[in-house]
Structure formats: C-alpha cells, structure tokens
Amino acid sequence: MNIRNKGRNRNDAIAKRICPNCSSQLVNRTGPYGNFLGCSNYPKCRFNSKL
C-alpha cells in the first residue's frame, strides 16, 4: 500500500463515520474549539477529526 492510498482509505473511513484507528463509530462531539468527530471508543482510542 502506498501513501496516497493510505490517505484516501483514511478519508473514506472518516466519511463513512468509521474510526481509521480502531474501526469504532465516529460521533459528533462539542469542545472548546467547536464541533468535531470523535471516536466512540474514547478514552481507549483518542482519534478526532475536524468537521
């Protein structure tokens, strides 16, 4: 797998609301800097992404 495909697969997973690190669901969360997608498996997985 090359770097371009890895980035594309990561973006596809985020678009489907699947965590690219642990394959759990991504959920909408609100923090001090606004809304973001966070892993539902928090605190074991700390993945997050801007909306």
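The values are calculated or read from the model by the stated rules, or taken from the named source; none is laboratory data. Just so you know, these numbers come straight off a predicted model, no measurement behind them. So basically every Cβ, Gly included, is an ideal-geometry build from the backbone, and we count neighbours across all protein chains shown.
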* Count of the range 1-38 residues which are out of contact with any helix residue (DSSP H, G or I) (no Cβ under 9 Å at 6 or more places or on another chain), of a type in the set (A, V, I, L, M, F, W, C) and modelled with pLDDT under 90 -> 1
* Matching residues in the chain - criterion: being among the hydrophobic types (A, V, I, L, M, F, W, C), surrounded by 10 or more Cβ atoms within 10 Å (Cβ to Cβ) and outside any loop (DSSP other than H, G, I, E, B) -> 13, 14, 18, 26, 27, 36, 37, 39
